[in-house]
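Okay, so here's the structure we're looking at.
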Amino acid sequence: MKYQTFPWGGYRQRLPQPEVWQERFWWLGFLVAALLLFTVNLAELPLQAGQETMLAEAAREIMGRNWFFPTLEGRPYVEHFPLLAGLIALAYKWGGVNIWMVRLPGALAGALSVPLLYGVGREILPNRTAAIFAAFSYLTLFPVARYSRLAMGDGVTLCLELLIVFCLLRSRRDWRWTLGIGLGLGLLALVQGAGALLMGAVVFIFLQWDTPRLLRRLPLWFGLLLGITPVILWSILQSLVHEMPWLTGLMLAPLLTPLPPSRFGFPVTLLLELLLWSLPGLLMVGYGYQLCGKNLTWGWSRLIWVWTGVYGLGLILLAVFVPVSIVPLCPVWALAAGLALAEICHFPTYRPYPVLWVGILATLGLLAMMASLAVSVLFPMFPIGILILGSLGITWGSTTLLIARRDRAFPAMLFWGMYLSLLLLFTSPYWLWDLVC
């Protein structure tokens with residue numbers, strides 16, 4: 001594979017007209033596919049107890065009382081920054097107070113993050129094929145779709161993270177995009193404080209390693225000042241109204257306590273979520289990281305390692321090992337998977353595909369088909385479950401055969417089958433098994 005530094009070109013007029021239309025097709029196609037997957041059957045199940053019900057009530061009180069000084073059950077709502085509750089309140093104004101409006105802002109933001117990841121891939125990955133595979137990998141990762149559909153802020157967080165990275169990569173060719181980095185970090189701080197700290201570390205470490213000249217650009221610091229000003233002003237206003245210490249009670253608390261720690265610790269909960277939710281996507285991620293380790297002089301390798309290292313270290317230091325904590329790492333895993341798939345599809349004819357992929361996919365396909373048969377015999381009243389498991393079994397089995405035959409169409413089979421399987425799952429009540437089981 002031939003690598004190049006800037007695969008997309010700086011401006012639209014530099015691209016031939018067919019290339020422009022291809023870019024528009026992929027951006028729009030990924031957006032439409034994500035909107036369908038992330039919004040179908042969105043309001044079928046009730047809100048989860050905890051953050052969903054809390055945000056729904058806070059948004060209702062914001063809409064009925066005061067937008068600047070939110071409350072929750074009559075008490076000051078200062079445990080989290082207010083952007084997400086404000087977005088839900090705006091949705092209430094537009095569509096009424098209902099479950100659909102509670103979950104819609106996060107679902108829309110999560111859907112928008114899919115074409116944004118494609119844009120990030122076009123900026124940093126070696127070619128369009130890798131960017132397309134990365135976007136499909138991201139779209140079909142179950143944690144991304146599930147948590148974006150919940151009113152927990154993860155869809156908005158993913159969207160803002162990818163917007164920041166997109167501006168970061170574009171700024172390497174046009175320094176005016178540095179303004180968007182600071183503004184994006186400020187918005188991210190109003191959703192998830194700790195996420196803004198970690199993403200800020202990713203930005204500055206990557207720039208110091210890859211493009212240190214941008215750290216001397218005034219728009220970067222001006223944008224950062226504009227972004228952080230609303231966070232500080234909100235905290236100061238709340239402290240004046242509620243007579244609370246603004247730094248310790250209002251500024252640092254939302255920044256440092258975004259999620260509760262896991263009861264079971266790192267190995268049990270987090271690794272189990274990775275295995276159950278991210279297969280078979282994680283098969284490709286490992287090979288992608290191998291490629292990054294061999295190509296540290298390239299920007300895509302540096303970005304993937306910095307993003308992974310900062311977030312992984314941040315989760316360990318903050319002791320945040322709940323299942324949802326893996327969601328911010330999904331974009332970087334998708335980029336690594338896109339690299340791996342693009343590289344393998346360009347293997348010479350004499351080089352075999354990874355044997356491990358064949359064994360694991362065959363095992364998964366067999367287990368899914370056996371589970372589908374077991375459900376059809378033991379629980380015939382759940383036909384949608386039979387369809388979901390059968391779809392997964394056919395997808396993984398067919399992909400196994402294509403890889404064994406060295407057919408380059410295996411990514412299309414894998415992603416199309418995974419997308420249909422997820423679509424079947426989200427049209428059923430079983431995508432929130434916490435409530436139906």
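For a quick check of your reading of the model, give me the residue pairs whose first member lies in segment 334-348 and is closer than 9 Å to ALA130 by Cβ, whose second is among the polar types (S, T, N, Q), with beta-carbon atoms closer than 7 Å and at least 6 apart or on different chains.
These pairs meet every condition: GLY338/SER137; ALA342/ASN127; ALA342/THR129.
Take segment 151-160 and flag every residue that is modelled with pLDDT of 90 or more and not small (Gly, Ala, Ser). Steps first, answer last, please.
Within segment 151-160, the subset modelled with pLDDT of 90 or more is 155-160.
Selection gives VAL156, THR157, LEU158, CYS159, LEU160.
Take segment 329-357 and flag every residue that is in a helix (DSSP H, G or I) and either of a type in the set (Phe, Trp, Tyr) or within 14 Å of PRO411 (Cα to Cα) (or both).
Kept after step one, since they are in a helix (DSSP H, G or I), are these residues of segment 329-357: 329-345, 355-357.
Listed by number, the residues that qualify are TRP333, ALA334, ALA337, GLY338, LEU339, ALA340, LEU341, ALA342, GLU343, ILE344, CYS345, TRP357.
Would you be able to tell me the number of residues in segment 389-412 that are buried (at least 20 other Cβ atoms within 10 Å of the Cβ) and within 25 Å of VAL375 (Cα to Cα)?
8
Residues of segment 77-104 being outside any helix (DSSP H, G or I) and of a type outside the set (Val, Ile, Thr), which ones?
Quick first cut of segment 77-104, residues outside any helix (DSSP H, G or I) only: 77-82, 96-98.
Answer for segment 77-104, where residues must be outside any helix (DSSP H, G or I) and of a type outside the set (Val, Ile, Thr): TYR77, GLU79, HIS80, PHE81, PRO82, GLY96, ASN98.
Give just the number: which of (1) open to solvent by 10 Å² or more (accessible area, probe 1.4 Å); (2) closer than 15 Å to ASP154 by Cβ does TRP100 not satisfy?
It is condition (2) that TRP100 fails.
Check off (1) touching a Phe, Trp or Tyr at 6+ places or on another chain (Cβ under 7 Å); (2) modelled with pLDDT of 85 or more for VAL324 and give me the number that stays unchecked.
Going through (1) touching a Phe, Trp or Tyr at 6+ places or on another chain (Cβ under 7 Å); (2) modelled with pLDDT of 85 or more one by one, VAL324 breaks only (2).
Exactly one condition in (1) modelled with pLDDT under 90; (2) under 23 Å from CYS159 (Cβ atoms) is false for LEU279; which is it?
(2)
Condition first: out of contact with any Ser or Thr (no Cβ under 8 Å at 6 or more places or on another chain) and farther than 24 Å from ALA56 by Cβ. Now tell me which residues in segment 139-160 satisfy that.
LEU139, THR140
Which of the residues belonging to segment 126-154 are of a type in the set (S, T, N, Q) and under 28 Å from GLU19 (Cβ atoms)?
ASN127, THR129, SER137, THR140, listed by residue number.
Identify the residue in segment 413-435 that is hydroxyl-bearing (Ser, Thr, Tyr) and open to solvent by 20 Å² or more (accessible area, probe 1.4 Å) and, among all such residues, is nearest to THR349 (Cα to Cα). Lay out the reasoning, then the answer.
We begin by selecting, within segment 413-435, every residue hydroxyl-bearing (Ser, Thr, Tyr); these are 419, 421, 427-428, 430.
With the extra rule that they be open to solvent by 20 Å² or more (accessible area, probe 1.4 Å), the set shrinks to 419, 427, 430.
Working: TYR419: 29, THR427: 41, TYR430: 43 Å.
Among those residues, the one meeting the criterion is TYR419.
Mind checking which residues of segment 351-367 are modelled with pLDDT of 85 or more, surrounded by fewer than 17 Cβ atoms within 10 Å (Cβ to Cβ) and not aliphatic (A, V, I, L, M)?
Correct list: GLY359, THR363.
Contact list please: Cβ distance under 9 Å, first residue in segment 201-223 and more than 19 Å from SER301 (Cα to Cα) and open to solvent by 80 Å² or more (accessible area, probe 1.4 Å), second residue outside any loop (DSSP other than H, G, I, E, B) and among the hydroxyl-bearing types (Ser, Thr, Tyr), pairs at least six apart or on different chains.
Pairs that qualify, where the first residue is more than 19 Å from SER301 (Cα to Cα) and open to solvent by 80 Å² or more (accessible area, probe 1.4 Å) and the partner is outside any loop (DSSP other than H, G, I, E, B) and among the hydroxyl-bearing types (Ser, Thr, Tyr), are ARG217/THR178; LEU218/THR178; TRP221/THR178; PHE222/THR178.
The values are calculated or read from the model by the stated rules, or taken from the named source; none is laboratory data. These numbers come from a predicted model, not from an experiment. Glycine also receives a Cβ, built like all others from the backbone with ideal geometry; neighbour counts cover every protein chain displayed. Ligands, DNA and RNA are stripped out before the accessible areas are found, and what is left, the full protein with its side chains, is counted by its heavy atoms. Shrake-Rupley method; radii C 1.70, N 1.55, O 1.52, S 1.80 Å.
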